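Asks: A single structure is presented below for examination.
The values are calculated or read from the model by the stated rules, or taken from the named source; none is laboratory data. These figures come from a predicted structure and were not determined experimentally. In this analysis, Cβ positions are derived from the backbone assuming ideal geometry, glycine residues included, and neighbour counts consider all displayed protein chains. Keep in mind that these areas ignore ligands, DNA and RNA; they rest on the heavy atoms of the full protein, side chains included. Shrake-Rupley method; radii C 1.70, N 1.55, O 1.52, S 1.80 Å.
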Amino acid sequence: MSRSRLAGTLWPETEEHRALARLRTGIWRVNQAAPELVVTAAGEIALHTRAEVDVRDVVDRSLRVLHGGEVDATAWSPGEDAGDLLPDWEDEWLADARERLRQMRLHVMETVAERLCETGSYGLAIEVALTVLRADMLRESAHRVLVRVHLAEGNLGEAWRAYETCVHVLDRELGVRPTRATSDLLAGRPPGVRRRGLSHPH
């Protein structure tokens, strides 16, 4: 992007000439640490074409999965935190990019869990779904994925427990019931099985 736009994005409350001065200093410092990482020409600024950017890699992998591409489960390990972009930064310009990346990552991890379920990798699918819920316990779509995995594995009691957790969390935090898409997953299931699954886990 242009120098003036980048300076205004990074320092929106600063006079333009001061923001541009800060930008010049910033570019110099970056290129001292990583030579030629930032390229400037004709008032434009860009990263070098050979620069590897972790966020760009995550976005590329995410889009491939969301467009139906092959899922590499190792690239979305269940222990990997679905955390924020630059969590220690408080700059306003990060808000949109941070939310975009968070939503994309959670959507992809749900997709990964569903694909793992389809291939019979139930344990790993459950771990991935639970990772999403650790990041956002109010995410009903993740609760729904977890219920579906338990049902696919034949664990009706676990499915009911996962559903009841969803009911409890949504009621406590939002004062609402799960949507029909979630409640229909267990529609027609024997109520006796539900009671035994909840009351007598062993």
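Asks: Towards the positive end of the charge dipole of the chain, with charges on Cβ (+1 Lys, Arg; -1 Asp, Glu), say which of 45, 157, 17 has the farthest Cα.
Replies: Looking along the dipole axis, the top candidate is 157.
Asks: Given +1 on the Cβ of Lys and Arg, -1 on the Cβ of Asp and Glu, and no further charges, what dipole in debye does region 84-159 carry about its Cα centre, rounded to the nearest 20? Before the final figure, lay out the partial values.
Replies: Values: 9 positive and 15 negative charges, 70 e Å.
Charge dipole, region 84-159, about its Cα centre: 340 debye, nearest 20.
Asks: Once the dipole of the chain is set up with Lys and Arg at +1 and Asp and Glu at -1 on Cβ about the Cα centre, which of 101, 175, 35 lies farthest towards its positive end?
Replies: The Cα lying farthest towards the positive end belongs to 175.
Asks: Which order do 137, 104, 109 take when ranked by solvent-accessible area (1.4 Å probe, heavy atoms of all protein chains), largest first? Intermediate results must be reported in sequence, preceding the final value.
Replies: Numbers: 137 80, 104 25, 109 0 Å².
Sorted descending by solvent-accessible area, the residues read 137, 104, 109.
Asks: Can I ask one more? Determine, at each q value in 0.09 (inverse angstroms), the log₁₀ of I(q)/I(0) that the Debye formula gives when each Cα of the chain is one equal point scatterer.
Replies: -0.51
Asks: Let me ask something additional. Can you list residues whose amide H is under 5 Å from residue 86's amide H, if they're 5+ apart or on another chain and H is modeled 1.01 Å from N?
Replies: none
Asks: Summing -39500 (n - 2.57) over the DSSP H runs of n ≥ 4 in the chain and dividing by its residue number, what mean residue ellipticity at 222 nm do you reach, to the nearest 500 deg cm²/dmol?
Replies: Working: 9 runs with 124 residues, N = 202.
Per the formula, -19500 deg cm²/dmol.
Asks: Separate question: Nothing charged except the Cβ atoms of Lys and Arg (+1) and of Asp and Glu (-1): what's the magnitude of the dipole of the chain about its Cα centre? Round to the nearest 20 debye. Show your work: numbers first, answer last.
Replies: Values: 27 positive and 32 negative charges, 116 e Å.
Around 560 debye, computed over the chain.
Asks: Arrange the residues 61, 139, 180, 148 by how much accessible surface each exposes, largest first, with a 1.4 angstrom probe. Mind showing how you got there, number by number?
Replies: Numbers: 61 45, 139 25, 180 180, 148 90 Å².
Ranked list, largest accessible area first: 180, 148, 61, 139.
Asks: Quick one: which residues, 5+ away or cross-chain, put their amide H under 5 Å from the amide H of residue 37? H built at 1.01 Å from N.
Replies: Counting only residues 5 or more places away or on other chains, the set is empty.
Asks: List, in order, the whole-Hz ³J(HN,Hα) value for each residue of region 84-91 obtained from phi through the Karplus relation with A = 6.51, B = -1.76, C = 1.60 and θ = phi - 60°; use x for Gly and Pro.
Replies: With coefficients 6.51, -1.76 and 1.60, one gets 7, 6, 6, x, 8, 9, 10, 5 Hz.
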